[in-house]
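See below for the structure under consideration.
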Amino acid sequence: MKQEENSIIGIWKDWRLHALVFIVVVLTEFIGTFSIPVGPGVILLLPMLYALIIGLILYFTPAVKEKQAKNAEPIIVLGVSLLLAKIGVVIGPSLPEVIAAGPALLLQELGNLGTIFIALPVAIWLGMRREAIGMTHSIGREPNVGLIMDKYGISSPEGRGVMAMYIFGTVFGAVFLGLIAGLLATITPLSPLSFAMASGVGSGSMMAAASGSLIAAFPELENQIIAFAGASNLLSLSTGLWISLFIALPLTEKIYALMTRNKQD
């Protein structure tokens, strides 16, 4: 208990970490939002995108030491908690609209199965073996990592695959969703709220990046976008593990076995 308290105190006394974060936030907010027209649509470059890139660059410089990297991890949880609290406050007044879209929100989790039918064949074609199962049965967030670790073990090919996907998604997932959400919402006739629902993939950072782009493109729908994205993300977190356990992972195993039946693992 004493050691844990000292660790917490050490995090708050890490002046280098807080100074770096403050400088990055001020810098990215000063840069602001940029819009790049692409045909009838637009690609939105948000401060969160700059912060991710700058943070990644700083990680490989002497400015960020191992101590700062470790201390930053629990602070991320605190930041996501504040985000979830804001989402909860916004969802309340918009609850009738969220309930009205109930079937769509419930069925949107099935869209995550697209990783199996699209990514798995590509992974096998590229020569990957059972790592492909861990990589493609889901988008590889925390619940899915836990599922693979429990079923196959951390040192298994499946375990290596899901961890690779988790790291890749952490670094590039928010950037990708932030760019693609704003672009597709502005060049397609679909409602921005449908993209808000699609942004709830079970990752707070990815959802925040995608919904941020949508809000920048459609500021008049800010509350509805946050409400739909938050509700969708909550459903993905609560139902995604069961979908992976009973549908996605067995389906991935079956397709993998069919596609590699003439090959040796």
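The values are calculated or read from the model by the stated rules, or taken from the named source; none is laboratory data. Since this is a predicted model, take the numbers as computed values, not measurements. Note: ideal-geometry Cβ built from the backbone for every residue, glycine included; neighbour counts use all protein chains shown.
Summary table
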{"read-out": "Pick from region 178-198, criterion closer than 17 Å to LEU45 by Cβ and among the small types (Gly, Ala, Ser), ranking: modelled with the lowest pLDDT", "value": "GLY178"}
{"read-out": "Options SER199, SER155: the member that is surrounded by fewer than 18 Cβ atoms within 10 Å (Cβ to Cβ) and hydroxyl-bearing (Ser, Thr, Tyr)", "value": "SER155"}
{"read-out": "Residues satisfying the stated conditions in region 116-133, i.e. of a type outside the set (A, V, I, L, M, F, W, C) and within 16 Å of MET163 (Cβ to Cβ)", "value": "ARG129, ARG130, GLU131"}
{"read-out": "Top-ranked residue of region 185-196 - restricted to ones that are surrounded by fewer than 22 Cβ atoms within 10 Å (Cβ to Cβ) and of a type in the set (S, T, N, Q), ranked as nearest to SER138 (Cα to Cα)", "value": "SER194"}
{"read-out": "Enumerated helices (runs of 4 or more DSSP H) restricted to region 106-177, each holding at least 2 residues that are farther than 21 Å from LEU258 by Cα", "value": "142-152, 157-168"}
{"read-out": "Criterion (surrounded by 20 or more Cβ atoms within 10 Å (Cβ to Cβ) and either of a type in the set (Val, Ile, Thr) or under 29 Å from ILE226 (Cβ atoms) (or both)) met by exactly one of GLY134, GLY146, GLY161, GLY182", "value": "GLY182"}
{"read-out": "Given (1) part of a helix (DSSP H, G or I); (2) in contact (Cβ under 8 Å) with a residue 40 or more places away in the chain; (3) more than 20 Å from ILE124 (Cβ to Cβ), number of the condition LEU251 does not satisfy", "value": "(3)"}
{"read-out": "Any chance LYS254 is in contact with an Asp or Glu (Cβ under 8 Å, 6 or more places away or on another chain), among the basic types (Lys, Arg) and surrounded by fewer than 20 Cβ atoms within 10 Å (Cβ to Cβ)", "value": "no"}
